[in-house]
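Asker: Before anything else, here's the structure in question.
The values are calculated or read from the model by the stated rules, or taken from the named source; none is laboratory data. All values derive from a computational prediction rather than experimental measurement. With ideal geometry, Cβ positions are generated from the backbone for all residues, glycine too; neighbour counts draw on all protein chains shown.
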């Protein structure tokens, strides 16, 4: 059974379409990055998955309807929906007591062991902690819950690099296993690139790119094209072309690696570059008619983004 | 939408279809208990404010008592001093002051209860916990309707007990027969009357007021106080201008002033003989049940708003 299964998921706020027919299947045991610009529909998608907002279309999370069966779902789904949403008046010890009081899958000892590794004092109030410490506290609470799906919405925004690194390292070493699924959105794409098993780009309420990271390495290529091969490279339908310090960098999706190797040095592109290429094309191509976009790979004929 | 009422979803079976290794059973009562505790953690003013007021009452009394002692020393007639002191008035006023203050605390608590966590976005944390919106709203409604009257009772009883000891000490020093004070002064009777008043008026009769405030709290993003005042004021004004009637203001006055002992002057509230109470008449009154039905409607509305309006910040 898939952990998350969406078919034609739609949601609009008045005239604004936040989700415009999202289809996705996320199996168990994956770490999926959902990447998009502000207002692309990331948070709305997560809200729908978490049963925080009603929606149209089909959506099943762990086999349950998240809107009508939310009270059942909350036992198996955890989320950190932003940094610093813990209330300022709450004491660390109270937070642990409360979660231990209401959550059937909370392991108090585990949370206390996680907290013991930090400098957070049990008697402190959240308002007295630094932003990084609040994130540590929240993560300690969430990792002590034996949930099957963990949703993270910008969990490290505004934290400094040490806390960000530590955050994802803890998740990987102390939490993640084959029975759990993690869905994460972030702006700091580079930092999560190495921990993801799957990546999705969302743009204007639609999933415009969806690939397992393993496939990505064998299907997406970045080529530094030698000047004499520029025309040949363009003939192979690159999804993006840019110039850095006089070198021309092309991005190809689902191209033949051997053919590309003849043009210049071939690398695996970074997620950030791939994102810019994909979304750049989308944003450039048809701002007035978003429905005309194909929902899978971008059309290679759409030319070069700025 | 897929479901007509959020309230019905909590009645689904307790057993999760995906039983994990150690799913402890957590009853709704337990969730409710921790939700209540959470309210007391957040809103320390619920017990600090009445505590401070009780302290002020005692301090004021001590000041007055030492003045009295000076008057007695200065050769004043003891009976006249006692008249001046009027013990019963002091005790009643202390109880009335505490009730007034805790009503104000309950009023502002209700206005912020379902709004403050949306403003600081901590609702995102609370909603990540397996506590239904019904339990959340009920726990927040229980604070002004059940727990503030109980807190008022306990603090008043403690305050009056200390007052009695202080009065005895002061009057003993002045040569007054303290024993007669303890014999003639029926504090037990006063406490029974107080408890009856708190349960019937502050808990049951005022319940729709707090239900309404909670509904506004769940609805408004900011300025809950103004939003709470606007609809009743608008109805009163429109009714006056359009029909030149005052049914709605009568309705409000009835809710605020009437109740089981509506006709009783406040200083008589705790002194009247028990036979003045008419609990059966109160239980049979339509005013009580209309009010409770209205409370249920308001709270259902608050649950639905909490669910549908949810966490969206836009």
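Asker: Give the range A:76-91 a look and list any residue that's facing another protein chain (nearest Cβ under 7 Å) and in contact (Cβ under 8 Å) with a residue 60 or more places away in the chain, or say none.
Answerer: A:76, A:78, A:79, A:81, A:82
Asker: Quick check: anything in the range A:5-18 surrounded by fewer than 21 Cβ atoms within 10 Å (Cβ to Cβ) and either within 8 Å of chain B (Cβ to nearest Cβ) or within 30 Å of residue B:39 (Cβ to Cβ) (or both)?
Answerer: Checking the range A:5-18: at least one residue is surrounded by fewer than 21 Cβ atoms within 10 Å (Cβ to Cβ) and either within 8 Å of chain B (Cβ to nearest Cβ) or within 30 Å of residue B:39 (Cβ to Cβ) (or both).
Results for (1) surrounded by 21 or more Cβ atoms within 10 Å (Cβ to Cβ); (2) in contact with a helix residue (DSSP H, G or I) (Cβ under 8 Å, 6 or more places away or on another chain); (3) within 14 Å of another protein chain (Cβ to nearest Cβ), shown as yes or no for each residue.
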residue	(1), (2), (3)
A:104	no, no, yes
A:113	no, no, no
A:116	no, no, no
A:119	no, yes, no
A:126	yes, yes, yes
A:138	yes, yes, yes
A:141	yes, yes, yes
A:151	yes, yes, yes
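Asker: Can you pull out every residue in the range A:41-54 that is assigned to a loop (DSSP other than H, G, I, E, B) and touching a strand residue (DSSP E or B) at 6+ places or on another chain (Cβ under 7 Å)?
Answerer: Of everything in the range A:41-54, those that are assigned to a loop (DSSP other than H, G, I, E, B) and touching a strand residue (DSSP E or B) at 6+ places or on another chain (Cβ under 7 Å) turn out to be A:41, A:50, A:53.
Asker: Taking the conditions exactly as written (within 30 Å of residue A:24 (Cβ to Cβ), more than 9 Å from every other protein chain (Cβ to nearest Cβ) and in contact (Cβ under 8 Å) with a residue 60 or more places away in the chain), does residue A:173 satisfy them or not?
Answerer: It is false that residue A:173 is within 30 Å of residue A:24 (Cβ to Cβ), more than 9 Å from every other protein chain (Cβ to nearest Cβ) and in contact (Cβ under 8 Å) with a residue 60 or more places away in the chain.
Asker: So which residues in the range A:17-40 are part of a loop (DSSP other than H, G, I, E, B) and in contact with a strand residue (DSSP E or B) (Cβ under 9 Å, 6 or more places away or on another chain), if there are any at all?
Answerer: Of everything in the range A:17-40, those that are part of a loop (DSSP other than H, G, I, E, B) and in contact with a strand residue (DSSP E or B) (Cβ under 9 Å, 6 or more places away or on another chain) turn out to be A:27, A:28, A:29, A:30, A:37, A:39, A:40.
Asker: Please specify each residue of the range B:115-149 satisfying the condition of being within 22 Å of residue B:221 (Cβ to Cβ), touching a residue at least 12 places away in the same chain (Cβ under 8 Å), assigned to a loop (DSSP other than H, G, I, E, B) and within 11 Å of another protein chain (Cβ to nearest Cβ).
Answerer: Once the filter is applied, which keeps residues that are within 22 Å of residue B:221 (Cβ to Cβ), touching a residue at least 12 places away in the same chain (Cβ under 8 Å), assigned to a loop (DSSP other than H, G, I, E, B) and within 11 Å of another protein chain (Cβ to nearest Cβ), the range B:115-149 yields B:121, B:127.
Rundown of residues vs (1) within 14 Å of chain A (Cβ to nearest Cβ); (2) more than 30 Å from residue A:73 (Cβ to Cβ); (3) more than 15 Å from the chain's Cα centre (by Cα); (4) at pLDDT 90 or above, yes/no style:
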residue	(1), (2), (3), (4)
B:39	yes, no, no, yes
B:47	no, yes, no, yes
B:52	no, yes, yes, yes
B:69	no, yes, yes, no
B:74	no, yes, yes, no
B:89	no, yes, yes, no
B:113	yes, no, no, yes
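Asker: Taking the criterion of being away from chain B (no Cβ under 14 Å), under 30 Å from residue A:54 (Cβ atoms) and touching a helix residue (DSSP H, G or I) at 6+ places or on another chain (Cβ under 6 Å), would at least one residue in the range A:155-170 satisfy it?
Answerer: yes
Asker: Another one. Counting only residues that are surrounded by fewer than 16 Cβ atoms within 10 Å (Cβ to Cβ) and modelled with pLDDT of 90 or more, which one in the range A:22-58 is nearest to the other protein chains (Cβ to nearest Cβ)?
Answerer: A:56
Asker: All but one of (1) free of Cβ contacts under 8 Å to residues at least 40 places away in the same chain; (2) surrounded by fewer than 20 Cβ atoms within 10 Å (Cβ to Cβ); (3) more than 30 Å from residue A:130 (Cβ to Cβ) hold for residue A:67, so report the exception by its number.
Answerer: The number of the failed condition is (2).
Asker: Can I ask one more? Which of (1) facing chain B (nearest Cβ under 8 Å); (2) part of a helix (DSSP H, G or I); (3) within 28 Å of the chain's Cα centre (by Cα) is the odd one out, the single condition residue A:94 does not satisfy?
Answerer: (3)
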